[in-house]
Structures are given as structure tokens and as C-alpha cells.
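The values are calculated or read from the model by the stated rules, or taken from the named source; none is laboratory data. These numbers were taken from a predicted model, which means no experiment stands behind them. Positions of Cβ are backbone-derived with ideal geometry, glycine not excepted, and every protein chain shown enters the neighbour counts. Accessible surface is based on the protein model in full, side chains and every heavy atom, while ligands, DNA and RNA are left aside. Shrake-Rupley method; radii C 1.70, N 1.55, O 1.52, S 1.80 Å.
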Amino acid sequence: MALDGIFLRHIKNEIENEALGARVNQIYQPNRDELVLVLRTFGGSKKLLLSARANSPRVNFCVNTPENPAAPPMFCMLMRKRLGGGKLVGVRQLECDRVLFLDFECVNELGDTVGLTLVCEIMGMYSNIILVNRGTGVIVDALKRVDLTVSSRRFVLPNIKYELPDSQDKLNILTASPEQTAEKICGLPAELPLNKAILSAVQGISPIISRELEFRVCEGATNRLGGALYDRLTAELAELKNITENCLGEPHIIYREDEKPMDIAFMEIRQYGGFLRVEKQSGFNSAVDGFYDERDTQDRMRVKTQSLNKLLANLRDRTARKLQKQQTELSKCADREQLRIRGDLLQANLYRVPRGAEYVDVENYYDPDGKTLRIRLNPAISPAANAQRYYKDYQKEKNAEMFLTEQIEKGSRELEYIESVIDEVSRAKTERELAQIRKELEEQGYLRKPKGKRQKQAALPFLEFESSDGFKIYVGRNNIQNDRLTLKTAAKTDMWLHTKDIHGSHVIIRADGREISDKAIMQAASLAAYHSKAQNSSKVPVDYTLVKHVSKPNGAKPGMVIYVNNKTVYVEPRNSIESNVIRNK
């Protein structure tokens with residue numbers, strides 16, 4: 001786990017310095033695993049994120065908060081009732097373990113002051129946030145209730161006594177001397193790599209810290225140390241104790257080769273040499289926030305889009321299978337002219353066909369060579385009735401071809417539309433964007449409209465950029481916005497851009513009475529390529545033309561348009577302009 005107990009101690013120290021005495025102004029629960037407390041301090045508002053997510057549990061001040069649901073969950077409403085307006089009077093930590101206690105003084109319904117503690121247990125998949133009555137030690141409620149179906153050892157339920165998590169057999173660096181810690185490390189029963197032994201013996205450190213301590217003592221060493229190496233281990237443990245006691249650590253983020261955050265640490269990491277970038281951060285809270293923010297945003301959106309993606313995948317597969325069947329049936333209609341020919345030839349040769357015959361051989365005057373054609377007959381009916389049956393089958397196949405052609409064209413448009421919505425969902429960044437996509441699907445009949453009144457949400461603005469030479473560029477977020485941007489907002493003299501034969505956003509360059517420059521077109525084309533299904537490709541073709549050459553066919557699905565007089569450029573996808581001016585996120 002990236003966030004270890006000693007790192008948490010430094011975060012605790014920053015929370016005490018910046019928010020002790022602050023009032024709880026607002027409480028949000030963006031999802032089932034996270035709480036956000038907005039604290040009103042003398043220096044302004046601070047957002048404290050409490051996360052019990054399995055892959056990123058933590059407590060830290062944050063800048064960007066997750067989007068809130070339209071209706072608050074029950075636990076959030078309880079928290080607002082019990083903690084709203086409360087004063088943060090203490091921040092405690094269980095030794096160097098990953099358990100943090102936030103003590104609040106609150107006022108109940110009778111006007112009496114009560115003490116409540118918010119316990120943040122940061123333990124991977126077992127992480128939890130628990131509200132406890134400080135006077136009685138009884139649990140008020142928990143973000144994740146733990147009953148007999150989950151655990152038989154420790155229950156976390158309302159109205160029972162709060163119990164601390166099971167302690168591990170590790171030494172607390174704050175109370176043990178460096179010599180005691182070194183003795184425990186070297187005295188472990190089995191011969192272990194030194195980093196494994198340190199991790200097993202010392203409380204509050206993560207694997208990266210144990211590997212760093214091994215690197216500083218002797219890379220590749222085991223825990224069977226003696227002489228100078230033992231003294232070096234003791235000195236490193238003494239330095240670790242000093243950092244922990246006095247919160248003298250320095251936050252660092254380690255980046256992989258692809259520049260994505262790999263790990264965080266409260267001390268300088270030297271073990272990677274120059275192979276990985278290690279960057280010092282300004283604060284522990286900001287380091288944790290920066291490390292987890294992008295990954296958590298992606299995880300939240302992945303969870304929220306799961307049901308929508310499943311629905312769209314089923315719709316796409318169903319439509320594709322239907323199209324395939326229709327195309328197979330259409331291929332069978334290709335020989336329908338042979339039915340008409342047989343009917344004509346049989347009608348012309350009725351006098352030659354004896355009643356009850358199973359077939360007749362006639363001269364095929366449709367064939368340039370005049371070859372003989374054998375026509376199968378139904379002996380139970382007359383020759384004239386057989387001719388009429390061939391005409392009837394011909395007409396049936398002809399009607400089927402017309403119907404299937406129309407249905408295949410309709411199905412192809414529907415499949416293209418569904419693919420465009422799948423692309424929209426994959427590029428959605430916020431819950432509001434997903435809400436607009438759901439609304440679009442409801443209007444198209446793919447989703448049931450919810451009963452009752454829906455809470456109105458403000459319309460999302462277009463993504464707005466500015467080219468390096470001053471032209472405004474707008475990008476639609478979804479199909480509904482694409483229609484509004486192209487057909488209602490843009491002027492006839494503005495420039496319209498879209499990836500060629502690839503699903504993506506409509507892009508508009510506002511002319512404002514000027515001639516649009518080639519530079520603006522290339523930059524807008526890069527944006528169009530990025531906001532499309534081809535954003536991870538290179539040399540993406542993008543068509544551009546004036547808005548007056550773009551039109552929407554009658555009955556077309558949202559976002560579907562046709563255009564003429566276009567030109568094509570090939571560009572690299574980019575999510576910003578060279579000048580990096582982004583007006584609206």
C-alpha cells in the first residue's frame with residue numbers, strides 16, 4: 001500500500017496545523033466508499049476527503065472533489081445530522097498504524113454538547129469510516145457495516161462497542177529504540193531478505209520504504225547482519241525514528257517511465273538511481289491528492305459507467321446480429337428474377353405441360369444461346385397454378401428485398417448511433433456528462449424514463465478553447481451537444497470539423513468576421529482527433545468545411561449530419577492548444 005502509517009502521521013500533523021478548531025460546514029458522500037467534509041477554517045474552506053476505497057484508502061485535503069449524487073445516501077444524511085456544525089478538536093493516530101481518529105465537538109437536538117469521533121481505518125479492502133460516540137465508545141454507524149456474514153471476529157454495527165482492529169506483531173518506531181528494532185529484525189526465525197524482515201518487524205512502513213532501507217544498508221543483504229552492516233542498519237533506524245517523532249519527512253512521488261505516478265514516500269528514494277523520476281512535493285496532503293486523483297477519477301467513472309456500458313454493448317450486439325440475419329435473408333433474394341423467368345416460360349408453354357407432371361423442359365428465350373431450362377412443378381396443381389405460384393414467389397422475394405434493404409439501412413444507422421454513444425461514454429469525465437447521455441438514451445427509447453419529477457440540472461457548457469492566434473474553438477461533449485453546437489449555436493460562416501468516418505465530437509471554429517487561419521484549423525483538427533474514438537492513434541484524418549455545408553437529414557439520430565465541399569487534414573490528437581488556453585473544463 002502506498003500510504004503507510006508514518007506518511008499518515010505527517011498528514012495528521014498537517015491537518016492539525018491547518019484545520020484544528022475548524023467547523024464542519026458541509027458533508028458530501030459522492031459514492032459508497034468516500035466522504036468529503038468541508039471544513040471552515042480561519043484561513044478559508046478546506047475539503048477533507050475520507051476514502052475507504054479498496055485500492056486507494058486515505059485521508060487528505062483535496063482540491064478536486066468527486067461529483068455528488070442528486071440524492072444524498074442515508075449515511076451522508078446521518079453524518080449531516082450528527083456532525084454538521086461540529087468543531088474539530090483533535091486528530092489522533094493509533095501508534096504508527098493506519099488508523100486515524102478525528103475528534104469533534106457537536107451539539108445534539110437538545111442543545112447538549114456531545115463528543116463524536118470519526119474513525120478512519122485505512123486497511124486496503126477492509127478500510128472503513130466509522131462514527132463513534134466518544135463518551136460511550138459505542139458505534140453510531142459506519143460507512144461499511146460488518147456483520148456475521150462478513151466477519152466472525154470483529155463486528156462494526158450501530159449500537160455496539162467499537163473495537164480497535166487486530167494489532168500486528170510489529171514494533172512501534174516511536175516507542176522502541178533503534179537497537180531494539182535492529183535486534184528484532186536480525187532475530188527473525190528464518191533468513192529473509194533484509195527488506196522483507198524490516199517490513200515484518202517495523203510498524204507503519206510500506207514496501208518501498210523497507211526496500212529503501214535495505215538499499216541504504218546493503219542492497220541484496222539478508223537479515224543476518226553483523227559488524228558494520230548491523231551498525232549501519234541501527235543508524236538508519238535511528239534516522240527513521242527521528243523523522244517519525246518530529247515529522248521531518250519530505251513527501252516524494254515516484255513516476256514510472258510513462259510518467260504515471262507509481263508510488264509515494266515520506267523520504268527521498270534513491271534505490272532506482274536515475275532510471276525513474278523521483279519528485280519532491282510541497283506537502284503531504286497535496287502529494288497524496290496528486291498521486292491518487294487521476295486514478296480515482298478513472299475508477300469512479302468506470303464504476304458509474306458499468307451498467308451503461310453493459311446496456312450499450314447488449315444493444316450493439318443485438319443490432320449487429322439482427323443486421324447479419326437480414327443481410328443473409330437479402331442475399332437469398334438475389335435470384336428472384338429466376339422465379340419471374342420460370343413463371344413467364346411456364347405461362348408461354350402451358351399447352352405443352354400435361355397435368356400432373358413433376359417438371360417440364362422448355363426453351364429459355366431469355367438466354368442468348370436459347371438453352372433448354374427445366375422447370376420444377378407441383379403435380380398436385382394445374383400448370384397455370386404453377387405459373388402463378390412462381391409469380392407469387394417472385395413478388396414475395398421482391399417485397400422482401402425492398403423491406404430488408406430499408407431495414408438494413410435503418411439498422412446500420414442505429415448501429416452507428418449506438419457506437420457513437422459508446423464512444424461518448426468512454427470519453428465522459430463527469431457524472432453530469434453521463435446524466436446527459438442517459439437522458440439522450442431515454443429520449444431515443446433505449447432507456448425507460450424515471451417516474452416522478454426529475455431534478456433539473458444546468459446544461460453543460462461546450463468545451464471551449466482558443467487557438468494560438470486568437471480564434472475561439474468549441475467542442476461538443478455528446479451527441480445532443482453536437483447538434484446544438486452545429487445546428488443552433490454556430491454561424492454559417494464558422495468552420496465545422498469532424499474526424500473522417502470515425503465517431504467523435506463536432507468541433508466549431510468561430511470566425512467572428514475574420515478569415516479562419518490554417519493554424520487554427522490544424523489546432524482545432526487536433527482537438528477533433530483527440531475528442532474521438534481515434535484519440536490514441538496517430539495521423540488521424542479530420543474533415544473540415546463551413547457550417548453552411550452541414551445539414552441534418554430528416555429523422556436522423558442525434559449527432560448524425562451530412563456535409564459537402566469538405567477538405568481533409570491528417571493530424572496528431574491533442575487535448576489542448578499550443579498556447580494551452582482552456583476556457584471551460
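Derived scalar couplings between HN and Hα for segment 314-322 equal 5, 4, 5, 5, 5, 5, 5, 5, 4 Hz in order, rounded to whole Hz, by the Karplus curve 6.51 cos²θ - 1.76 cosθ + 1.60 (θ = phi - 60°), x for Gly and Pro. If the segment from Val114 to Asn378 were pulled out straight at 0.36 nm per residue, it would be longer than the present Cα-Cα gap by 85.5 nm. The listed peptides 360-369, 428-437, ordered by packing as a protection proxy, come out as 428-437, 360-369 (highest mean of other Cβ atoms within 10 Å first).
The accessible area of Glu239, taken with all protein chains in place and a 1.4 Å probe, comes to roughly 90 Å². The solvent-accessible area of Met123, taken with every protein chain present and a 1.4 Å probe, is close to 60 Å².
In this simple spin-label approximation, Leu330 and Lys310 carry label points 7 Å from Cα along the Cα→Cβ vector, and these lie 3.3 nm apart.
Counting 0.36 nm for each residue step from Glu250 to Lys144 and taking away their Cα separation leaves a gain of 34.9 nm. Evaluating 6.51 cos²θ - 1.76 cosθ + 1.60 at θ = phi - 60° for every residue in segment 22-39, the Karplus couplings come out as 6, 9, 7, 8, 8, 9, 10, 10, x, 8, 5, 10, 9, 10, 10, 9, 8, 9 Hz, glycine and proline recorded as x. Per-residue ellipticity at 222 nm computed for the chain from its helices equals -12000 deg cm²/dmol, with DSSP H segments shorter than 4 residues left out and the rest contributing -39,500 (n - 2.57). Atom-type composition of the exposed protein surface of the chain places 48 percent of the accessible area on carbon and sulfur (1.4 angstrom probe). Taking the inverse of the mean reciprocal distance over all distinct Cα pairs, the Kirkwood hydrodynamic radius of the chain comes to 30.1 Å. Could you list, in their original order, any pairs among Lys161/Lys280; Lys170/Lys280; Lys280/Lys472; Lys87/Lys161; Lys46/Lys310; Lys144/Lys280 whose Cα atoms are separated by more than 31 Å? Pairs exceeding 31 Å: Lys161/Lys280; Lys280/Lys472; Lys46/Lys310; Lys144/Lys280.
The alpha-carbon of Lys396 sits under 26 angstrom from the alpha-carbons of these lysines, leaving out residues fewer than 8 places away in its chain: Lys322, Lys325, Lys332, Lys410. Positive end of the dipole of segment 383-493 (Cβ unit charges, origin at the Cα centre): among Phe465, Asn386, Gly445, the Cα lying farthest that way belongs to Gly445. Can you work out ³J(HN,Hα) from phi for every residue in segment 201-208, in order, using Karplus 6.51 cos²θ - 1.76 cosθ + 1.60 and θ = phi - 60°, giving whole Hz and x for Gly and Pro? Values per residue, Gly and Pro as x: 9, 10, 7, x, 10, 9, x, 5 Hz.
Full extension of the chain between Leu20 and Gln444 gives 147.4 nm of extra length, using 0.36 nm per residue less the Cα-Cα distance. In segment 355-411, the ratio of gyration radius to Kirkwood radius, Rg to Rh, stands at 1.16 when only Cα atoms are counted.
Placing +1 on the Cβ of every Lys and Arg and -1 on the Cβ of every Asp and Glu, with no other charges, gives segment 109-151 a dipole of roughly 160 debye about its Cα centre.
Look at the dipole of the chain built from charges on Cβ: of Tyr530, Ile243, Gly283, the Cα furthest out on the positive end belongs to Tyr530. The Rg/Rh ratio of segment 1-91, with Rg taken over Cα atoms and Rh as the Kirkwood radius over Cα pairs, comes to 0.96. Averaged over its residues, the chain has an accessible area of 52 Å² per residue, based on protein heavy atoms and a 1.4 Å probe. When only alpha carbons are used to place a centre, segment 227-254 and segment 361-402 end up 96 Å from one another.
Taken about its Cα centre, the chain carries a charge dipole of roughly 2580 debye when the Cβ of each Lys and Arg holds +1 and the Cβ of each Asp and Glu holds -1.
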